[in-house]
Each structure stands twice: as C-alpha cells, then as structure tokens.
Amino acid sequence: MREAIRSATEQLAAAGVSSPEHDAKALAMHVLGVKKPSDLVLADGFDETQAVAYLDLVARRVQRVPLQHLIGTVGFRYIELEVGPGVFVPRPETESVVQWAVDAIAKQGWTNPLLADLCTGSGTIAFALANEVPGATVHAVERDADALTWTRRNAANRLAAGDPEVHLHLGSVEDALLDLDGTFDLVASNPPYVATHEAHLPDPEVVEHDPEIALFAGEDGLDVVRLVETAARRLLKPGGLVVVEHSDRQGEAAPDLFVDAGWAEVQDHLDLTGRDRFVTARKP
C-alpha cells in the first residue's frame, strides 16, 4: 500500500494535480473505508480487490476528475457534503465567507436570525450557517434542478445529523423568496463569477467537471453578482447585511456595484490565501 501511494503521488504530480500526496492518501483512505490519514499507518494494506480499485481511482484522478467526485464527499468547515457530477464542488475559499457571516451575526446579537443563501449549489453556505448559527432559519435558493438534487440529499443527511431544517427553493435569484421581501437579517451568496473570456483560467477539474451554469457570468463575470445585489436589497430588512463571494480579479469591481447602488459600509475582504475574495455591505 505504501508503495502504491508513493507511485500514485508521483503520477498525480506529473499530471499537474496541485496536492498529489494529499489526494493519493485520500483515495487510499476511501478505498480502505477509513477517516483519518493516521489510520493508514495502522492499516494492513490493500487486498487484491482494493488494489485494483485504488489503481482505477488514481488513473481517473490523473485525468483530472475531481477528487471529490471520486470519493463522493467534500469537507467544509464542520460539515461534510455529498457532491458529484452536476453540482459545483465547494472550495476552501468560501469558508472565509461563512466565517465572516457567523462573526457578523454574533456581533449584531441577533437571536433567531433569518438567513438566505442565493446560488446555494450543494447547500454549502446554507448548511454551514444552519450548523453554526444557533436558532437560525435558513432559506437556500438554486436555479439548477440537477444541483438541487444534491442539495436535497445533503438536507436529508444534515437533518439526520441533528441540524435544523434548511428550506430549499428551486428558482432564479431574480424571483427568489418574493413573499419574504424585507424580512431577512443576512443574505449570503457564492454566485457564478468567471468571465466568459476567462474560461482558460480555472483548473481542468473546474472547467471540465463543474456545471457551466455555476461558473460563467457574462463578459465581466459580474452578471449574477448584479442580480444578487438587487435581490439582497429587496430581501433584507433595513440594517441587514449581505456577503457575496467574487473572484480575486474583482476586488474593486464587485464592491463598486454596491457603492453605486447606495449600500452602506461596503468593504472588500481577503480569503485565507490573502486574495480579494468577498464583499460585504449593510442595507441603509
């Protein structure tokens, strides 16, 4: 098994995978059915069936099939989500968005806050907020029916894990939650934000396997951010907060949208790697 992991690490590195050793070990853990890297040390190794399965998974990862598709799950903050073909794979960058939202809600002293996650995908932000914000009611909106299939699966898993129910809605940002206008304390979103001329920039795992509907947003990548800004202005109560993820190339353009629309306290923020990543603002 150790030799197989070493060989897999070399193959993945040669294929351009950014975290070859991590992925090689993660695939081994998946085959063995263990949860922690330290468990590999105690494992007896692969049997014949497991060895064949491991080689197959490594070969697919070499072809840049996302690791999360191969193992079927992704860890995000304190929760685990099921993902696969047809839904955007959550990225670590979004964890800073959730952290800001959790801290802001605590700072405001809101009890039983009403929260919205627009463009929810697999439910990443919605389920994380439901898990971490006591008493929160969370509504999650997704326009892609294929993605919402995964969201519903994760909703069932989270309920089984003891989390509060997250209310799921199939629909566009423009028409989201019309019956709840002016009632939300916080609106969060990780919308599509890749410009159409930037299709060459993301990794093959993203461009070839994440749904286009979850990636591309017009010539400047801000088409859906504009829709989120408009929807948040409609949904939030006065003094409510919005937090929207954007690309590291939109650290000025995204905040400008909110300044021009008359929002208060507009501020851009860095992610854990020090790159421009999300904008926040308060509804006057």
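In segment 151-180, the residues that are closer than 18 Å to PRO90 by Cβ and in contact (Cβ under 8 Å) with a residue 60 or more places away in the chain form Cβ pairs under 7 Å with partners that are surrounded by fewer than 19 Cβ atoms within 10 Å (Cβ to Cβ) and not hydrophobic (A, V, I, L, M, F, W, C), at six or more places apart or across chains, as follows: ARG153/GLU82; ASN154/GLU82; ASN157/GLU82.
What residue, among those in segment 216-243 that are touching a residue at least 60 places away in the same chain (Cβ under 8 Å) and not in a helix (DSSP H, G or I), is surrounded by the fewest Cβ atoms within 10 Å (Cβ to Cβ)? Don't jump to the end; show me each part of the working.
Of segment 216-243, the ones touching a residue at least 60 places away in the same chain (Cβ under 8 Å) are 224, 228, 231-232, 235, 241, 243.
This time we only want the ones that are not in a helix (DSSP H, G or I), so: 241, 243.
Values: LEU241: 26, VAL243: 22.
Selected residue: VAL243.
Among the residues of segment 54-79, how many are closer than 21 Å to GLN11 by Cβ and assigned to a loop (DSSP other than H, G, I, E, B)?
Restricting attention to segment 54-79, the residues satisfying the condition of being closer than 21 Å to GLN11 by Cβ are 54-71.
Narrowing further to those that are assigned to a loop (DSSP other than H, G, I, E, B): 63-66.
Qualifying residue count for the region: 4.
Determine, yes or no, whether VAL194 is assigned by TED's automatic domain parsing to the domain that holds VAL98, over 24 Å from ALA106 (Cβ atoms), in contact with a Gly (Cβ under 6 Å, 6 or more places away or on another chain) and in contact (Cβ under 8 Å) with a residue 40 or more places away in the chain.
yes
Within the set VAL52, VAL31, the sole residue that is more than 30 Å from GLU142 (Cα to Cα), at pLDDT 95 or above, crowded, with 16+ Cβ neighbours inside 10 Å and not assigned by TED's automatic domain parsing to the domain that holds VAL207 turns out to be VAL31. Within segment 134-154, which residues are aliphatic (A, V, I, L, M) and buried (at least 22 other Cβ atoms within 10 Å of the Cβ)? Of everything in segment 134-154, those that are aliphatic (A, V, I, L, M) and buried (at least 22 other Cβ atoms within 10 Å of the Cβ) turn out to be ALA136, VAL138, ALA140, VAL141, ALA147, LEU148.
Conditions (1) in a strand (DSSP E or B); (2) under 20 Å from HIS246 (Cα atoms); (3) out of contact with any helix residue (DSSP H, G or I) (no Cβ under 7 Å at 6 or more places or on another chain), marked per residue:
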site	(1), (2), (3)
SER96	no, yes, yes
GLN99	no, yes, yes
ALA104	no, yes, yes
TRP110	no, no, yes
ILE125	no, yes, no
ASN131	no, no, yes
PRO134	no, no, yes
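Inclusion of ALA51 among residues that are under 23 Å from ASP203 (Cβ atoms), among the small types (Gly, Ala, Ser), assigned to a helix (DSSP H, G or I) and in contact with a helix residue (DSSP H, G or I) (Cβ under 8 Å, 6 or more places away or on another chain) is not warranted. Restricting attention to segment 29-48, the residues being more than 25 Å from VAL87 (Cβ to Cβ), in a helix (DSSP H, G or I) and not acidic (Asp, Glu) number 6. Taken over segment 254-268, the criterion of being crowded, with 17+ Cβ neighbours inside 10 Å and touching a helix residue (DSSP H, G or I) at 6+ places or on another chain (Cβ under 9 Å) is satisfied by ALA254, LEU257, PHE258, TRP263, VAL266, ASP268.
The values are calculated or read from the model by the stated rules, or taken from the named source; none is laboratory data. As the structure is a computational prediction, the values presented were derived from the model and not from experiment. Here Cβ is always computed from backbone atoms with ideal geometry, including for glycine, and neighbour counts include all displayed protein chains.
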